[in-house]
Amino acid sequence: MSPTAAVSAEEPLTAHALQAKWQKYWADNETFRAGGADDTRPRKYVLAMFPYPSGDLHMGHAENYLYSDIVARYWRHRGHNVLNPIGWDSFGLPAENAAIRRGADPREWTYQNIAQQRESLGDYGVSFDWSRVLHTSDPEYYRWNQWLFLKLYERGLAYRKESPVNWCPNDQTVLANEQVVDGRCERCGAEVVKKKLTQWYFRITEYADRLLDDLNQLEGSWPQKVLQMQRNWIGRSVGADVDFRIEGREGVVTVFSTRPDTLHGATFFVVAPDSDLAAELAASASPEVRMRFQDYLTQVQKTSEIDRQSTERPKTGVFLEHYAINPVNGERLPIWAADYVLADYGHGAVMAVPAHDQRDLDFARAFDLPVKVVVDTTAPITGAMPVIEVDEDGVPIEPAGTLDDQHPATTGIALTGEGRMINSGELNGLSKRNAIARAIEQLEASGNGRAAKNYRLRDWLISRQRFWGTPIPMLHTTDGRIVPVPEDQLPVRLPSVDGLDLSPKGSSPLGAAEGWVRTVDPSTGEPALRDPDTMDTFVDSSWYFLRFLSPTSDAVAFDVDEARRWAPVDSYIGGVEHAILHLLYARFLTKVLFDMGLIDFTEPFSSLINQGMVILNGAKMSKSKGNLVLFQEELDAHGADTLRVALAFAGPVEDDKDWADVSTTGAQKFLSRALRVAQDVTSPVGVPFDGGDAALRRATHRLLAEAPGLVEQTKFNVLVARLMELVNTTRKTIDTGAGGADPAVREAAETIAVMLDLVAPHTAEELWEILGHEPSVGLVPWRQADPVLLVEDTVTTAVQVNGKVRATLEVPARIGDAELEALARADERVQRALADKEIVRVIVRAPKIVNFAVKG
Ligand code: ANZ
C-alpha cells in the first residue's frame, strides 16, 4: 500500500486511534459522570487510593487504577449509579526537595506532574468522573484541613506539647513513629535521633478502643493481614497499674503490668534509663554510679527502639542504689536502669518477675538476681480430677516434669503458660486467669493499684517544619497565648515562595516569611505571629474521600446529604504499604466526624482490596536500581487495552506480578480475535437468540452466571480466562457450525462485548458498534443467565463389578473421575455387590464407566 493511501473502511483502527475515538466520545458525553441526587439507581462508591504526583505513573498505578476501574465498570453494568473519582495527594516533601534542588517553586513541579499523570490516566481509559478532580495542595482543599484542625482543637483533640520526637538530621524534620523504619528515616534512610521539640498532636489515643473494636465490623471485607496489622499497631494490653513506693523518696511510682498475678514473684525493679525517674534516682546515687549511669545513658540514646526490645541482644543495665517496696509483701526490690524498658510505654518502669517474663529472666541471669516461681505451670488446672494422658497403646505419658526440672533459673526459659499460683499468699491455688482478676481486686481494695489498659498507639504528631503543606491555622500572641484563626479567615494561604530559603534547617521556612508570619490577633487587634509549621500530609489524605462528594463547595468541607447518599466507600483499592497509617488516620477522622454528627457511619471503607506489586525479574522496581518499567512507555508501545488485559490476566489481584512474565502479545491476539468474531456476525440486531447453537448458548450462559461472582471476589484473571474461552468457542461455532448467521453467535459476541468492557473498554465499544449498537457499551446492563441453559447435559454411566454391570447412573456430562467414583461407591446396588469383598483396583473413565476389580 502506498504511504499516501487513505485508510480504508475495512482496515482496523490502530490501538491508539481506537483509544482516541472512544475517549473523545466518553469525554463529550460525560459517560462516567456519577448521577446526581435525583438518580434513583442504587449507589456504589468505588475509590482507588489517589496518587502522589512524583514524576510519571508507574506500573503499580497501572494495576491500581485498572482494578478499581474493573469494579466501577462492573457496578455500572449491574445498574448502579457509580462514583469513581480521582484526585492528587499533592503536598509533601518530594515536591519541596525537587524544588530545592532546582531552585524552583514546588507548585510548578507539582502541577506539571499532575498534568502529565492526568494525561496518562486519560489514555489508559479509566472511567473516572473527571468533573470531581481535587488536589490537596489547592487552597480550596487545604482550607478544609485547617477547618478540621480547628474542629479537633475545639474538641480537645488537637494539642501542643513538648516531647522527644523523632528527628531526621538529613531532612531536618520531625517524623511520626510510623515514618521511622529500623531506626532510619523512611524517606532518606538517615539514622533518626531523638530531639525535644514543641509540636502539635492529634489525640488519636482517645479513640484507641474504638479503632480496635470496630475492626470486627470489617472482618471478611478487609484482608485479614491488614486487620492484624491494625490490631498490632494499636496494641492494646490489659492488666493493672501498680503503685510502688521508693525508699527515701516521697510519692509513688506506678508500673503497668499485664500480670498482676505475679506480684509476689517480683525480685527487682527496672526503670527506663532515659526516663526522668532514672535521672532523679541516679542523681542521688554514689559518684561512681552516677558516672556509670551517664555513660550508659549516652549509649542507650544511640540505640534504636527496635534494638532495645530485641531478645537477641545481651541485657545491659546499671544498679541505681535505690530500692522499691513491693506493695503486696513489703519486700525490697533493687532498682536498675536497663534499656529493655522503654520510657514512653506504660509508665517507663516495670516490676521485674524473672520466673515468668523472658526479658526479666535474661536480665536476672546476666546480673545474678533471684528468680522466684509463683505459677506452677506443671500443675493441672482442669478441675480436681487429674487428667492422665495416655499414648496410642494406652501407656500413660510421663508428666511434663516437675517444677524443679523446669526451674527458669536453670533452664533459662521463663514459665509463661497456664498453671496454679504458689508462693503468693491468698492467691495460692488459683489459676492464672482467676489470680489476675483477684490480684486486681486486692490492689483496688488496698489502694495500691487498679485495672488498666495500655496501647502501643501514640498520639499522632502532625506538625512539620516544612513549606509545602497546609499551614496550621493558629496564632501566637505577644503575651504567650495560642489562639485559633477564626473560621471566616480561612484559608490561611501559603505565602509566595519567592525569597524563602526552603532548605531544611530545623525550623519552618514559613517563619522567615516576614510579611506572612506577622499578623494581628483578631480578638484584641494586638500583633501576633502565625504558627509557622505545616501539617503532616496524612491529614490531607485522611478525609479526601468525603471531599469528592462535593469537591467544589466553598461553604462546607463536604455536603452531609451527599455523604449520607454515597459514603462510606464501598470498595477501596490500593497497595498494602498503606495498611497501617493512612487507613488508621482515615478511620480516626471518620470517627471524629461521626461524633460531630456530620456523618452516620463509623468506618470509612466498607471493603478493602490490596493489590500485589508489579516487579521485574523477581526484584522490586526502583529508580535507584534502574529497573523501572514506565507506565507511559508501556502504554505508548502496546495501547491501553492490551496493557490492561495483560495485567488483569497476569495473576490474582493480591499476588505480585513479574512484568518479565507478562505477555502483551497474548493479550493483543485475544483482542484481535474478539474483534474478528464481532466482524463475522451477520445476523441483524434484535434477532431472537433462542434456537441457535445449543452448546454455544450454554457456554455463553454459563459465563453470564459465573462472571458476577468472579468480579465480586476480585478474580479478574479468571474472568479474563473465561472470556478467552468464550471467544474461542464462538470462533469454532462460526467456523464449523452454522457460521456468523447463527443467533447464538450474536448472543455470544454481544456478551463478550459487554463483559470485555471491564478490562478492554475501547475494544469493547468498538465491538458493540460493529455489532450494530449505539454506544456506550459501558452502560449496557449485564444479562441474566437463563436457568434452563444452565442445566448440564447428563449421560448414563455403567458401574461394573468384575466386568458385570451392577448399576447405571445418570451423571453430568462434565463430571470428573473422582466425583464419578464417589457417586458409584455411594450407590446402594453397587454397595451390595461389593459387600465383604476386597477391592483390588478401580478403573474410572468419566463420564462413561466405572469398574471395581474385587477379590473374595
Ligand atoms: C510484670 C510481668 C510479669 C509482666 C510477667 C509480664 C509478664 P505488653 O503485653 O507488650 O503490653 N512493661 C511494662 N512497661 C514497659 C516498658 N515501658 N518497657 C518495657 N516493658 C514494659 O507488655 C506489658 C508488660 O511489659 C508488662 O507486664 C511489663 O512486664 C512490661 F510474668 O509486668 B509485665
*For Asp28 and Glu792 in the same chain, what is the full-extension length gain: residue separation times 0.36 nm, less their Cα-Cα distance, in nm?*
270.5 nm
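Counting pairs of Cα atoms in the stretch 580-723, how many percent are more than 27 Å apart? Walk me through the numbers before you get to the answer.
Numbers: 5002 of 10296 pairs.
Tail fraction, whole percent: 49.
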*By what distance, in whole Å, do the Cα atoms of the stretch 545-588 stretch along each of the three principal axes, largest value first?*
34, 19, 17
*Running Debye on the stretch 96-168 with equal point scatterers at the Cα sites and no solvent, what base-10 log of I(q)/I(0) appears at q = 0.11, 0.15, 0.18, 0.21 Å⁻¹?*
-0.53, -0.85, -0.97, -1.02
_Under the 0.36 nm per residue contour assumption, what length would be gained going from the current alpha-carbon distance of Ala818 and Val252 to full extension?_
196.6 nm
*lysines whose Cα lies under 28 Å from that of Lys161, excluding same-chain neighbours fewer than 8 positions away*: Lys151, Lys194, Lys195, Lys196, Lys302, Lys453, Lys505, Lys591
*Put one equal scatterer on each alpha carbon of the stretch 40-159, apply the Debye formula with no solvent term, and list log10 I(q)/I(0) at q = 0.19 1/Å to two decimals.*
-1.04
*Under the Karplus relation 6.51 cos²θ - 1.76 cosθ + 1.60, θ = phi - 60°, what is the ordered set of whole-Hz ³J(HN,Hα) values for the stretch 337-354, x standing for Gly and Pro?*
9, 8, 6, 6, 9, 9, 5, 9, 10, x, 10, x, 8, 9, 8, 9, 10, x
_Separation in nanometres of the label points that stand 7 Å from Cα toward Cβ, at Leu779 and Ala826_ = 4.9
*How do Val801, Val576, Val539 line up, fewest other C-beta atoms within 10 Å first?*
Val576, Val801, Val539
*Rounded Å value of the spacing that divides the Cα centres of the stretch 82-152 and the stretch 48-67*: 13
*Give, in nm to one decimal, the length gained when the segment between Asp561 and Val181 is fully stretched (0.36 nm per residue of separation minus the Cα-Cα distance).*
132.7 nm
_Å³ per residue enclosed by the Cα convex hull of the stretch 438-573_ = 271
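Using the 10 angstrom Cβ neighbour count as an exposure proxy, how do Asp793, Asp339, Asp836 rank, fewest first? Please report the intermediate quantities before stating the final value.
Details: Asp793 11, Asp339 24, Asp836 6.
Fewest to most other Cβ atoms nearby, the residues stand as Asp836, Asp793, Asp339.
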*Separation of the stretch 320-350 and the stretch 808-835 by C-alpha centroid, Å?*
72
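Is it possible to state the helix-based mean residue ellipticity at 222 nm for the chain, with each DSSP H run of 4+ residues giving -39500 (n - 2.57), the sum divided by total residues, to the nearest 500 deg cm²/dmol? What is it? Don't skip to the end; give the middle numbers.
On the way: 28 runs with 306 residues, N = 856.
So the helix-based figure for the chain works out to -11000 deg cm²/dmol.
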*Any idea how far apart Glu441 and Lys21 come out in nm if each label point goes 7 Å out from Cα toward Cβ?*
8.1
*Which lysines, on any chain, are close to Lys804 with Cα under 29 Å apart, when same-chain ones fewer than 8 places away are left out?*
Lys837, Lys848, Lys855
*With both partners inside the chain, how many of the DSSP beta bridges are antiparallel, as a percent to the nearest 5?*
75
*Straight-line reach from Lys620: which lysines have Cα under 29 Å away, leaving out those fewer than 8 places along the same chain?*
Lys225, Lys657, Lys669, Lys715
*Spin-label model distance (nm) - Gln299 vs Asn728, 7 Å beyond Cα toward Cβ*: 6.8
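So how do Tyr52, Tyr45 line up by other beta-carbon neighbours within 10 Å, fewest first? Let's see the in-between values first.
Numbers: Tyr52 20, Tyr45 26.
Going from least to most buried by this count: Tyr52, Tyr45.
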*the chain - Rg and Dmax from Cα coordinates, angstrom*: 34.6, 109
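To the nearest 0.05, how large is the calculated FRET efficiency for Arg313 and Gln217 if R₀ is 45 Å and r is the Cβ-Cβ distance?
Working: r = 40 Å, r/R0 = 0.88.
Result of the calculation: an efficiency of 0.70.
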*Where the centre of each part is set by its Cα atoms, how far does the stretch 213-272 sit from the stretch 429-489, in angstrom?*
15
*Take the Cα pairs of the stretch 246-357, get the Kirkwood Rh, then feed it into Stokes-Einstein at 37 °C and 0.692 mPa s and tell me D in µm²/s.*
230
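Only the coordinates and a few stated rules stand behind these numbers; no lab work does. The structure presented is a predicted model; accordingly, all values stated were derived computationally and were not measured. Every residue, glycine as well, gets a Cβ built from its backbone with ideal geometry; the counts of neighbours run over all protein chains shown.
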